[in-house]
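K.L.:
Structure in structure tokens, see below.
The values are calculated or read from the model by the stated rules, or taken from the named source; none is laboratory data. Nothing here was measured: the structure is a model prediction, and the numbers come from that model. Cβ placement follows ideal geometry from the backbone for every residue including glycine, while neighbour counts extend to all protein chains displayed. Side chains included, ligands, DNA and RNA excluded: accessible areas come from the protein's heavy atoms. Shrake-Rupley method; radii C 1.70, N 1.55, O 1.52, S 1.80 Å.
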Amino acid sequence: MILVAFPCLKELTLENLPQLLHLWKEDSQPRVVFENLTILNVSYCENLKTLVTFWMPLEKLSTLTVQCCNGLKNLITLSTAKTLVELKTIFIKDCKMLEEIITDVGDEEIRTAEAEKDAAIDKITLSMLNSFRLDRLPNLIT
């Protein structure tokens, strides 16, 4: 098995990739992949099912833009959302199947009995967030 990480990558743009299903294989071994990523732009990836896996921390991400990714049902997992301490901008547009921005689907693998007890008090604070735009998301559940 080949394990690849991008420790110096700061900006990642994926555009017009209709066959792309995942940014990273879901069954890959957990590890730091994009430890210095600050900007993630994904557009016109019609079949993208998973943006990031539950074990992928994005502590330095400041800008997240997703457009025209009609295969996405959930944007990020709860465990990934908790790592977004530097996130300043979220822009999500024209993702027809998107139901949730933050979901706990996919986090089952990392939940412990103690975490299950604390699930009711899970809290996400995006204290740096200053721009949050959602546009044309017909299936978004509020």
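K.L.:
Tell me, which residue of region 42-60 that is open to solvent by 20 Å² or more (accessible area, probe 1.4 Å) and farther than 18 Å from Asn139 by Cβ is farthest from the chain's Cα centre (by Cα)?
P.N.:
Checking each candidate, the answer is Tyr44.
K.L.:
Restricting the search to region 61-95, which residues are over 14 Å from Leu51 (Cα atoms), of a type outside the set (Lys, Arg), assigned to a loop (DSSP other than H, G, I, E, B) and open to solvent by 10 Å² or more (accessible area, probe 1.4 Å)?
P.N.:
Ser62, Thr83, Val85, Glu86, Asp94
Rundown of residues vs (1) within 11 Å of the chain's Cα centre (by Cα); (2) charged (D, E, K, R); (3) over 15 Å from Leu40 (Cα atoms), yes/no style:
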position	(1), (2), (3)
Thr77	yes, no, yes
Leu84	yes, no, no
Lys88	no, yes, no
Glu99	no, yes, yes
Thr103	yes, no, yes
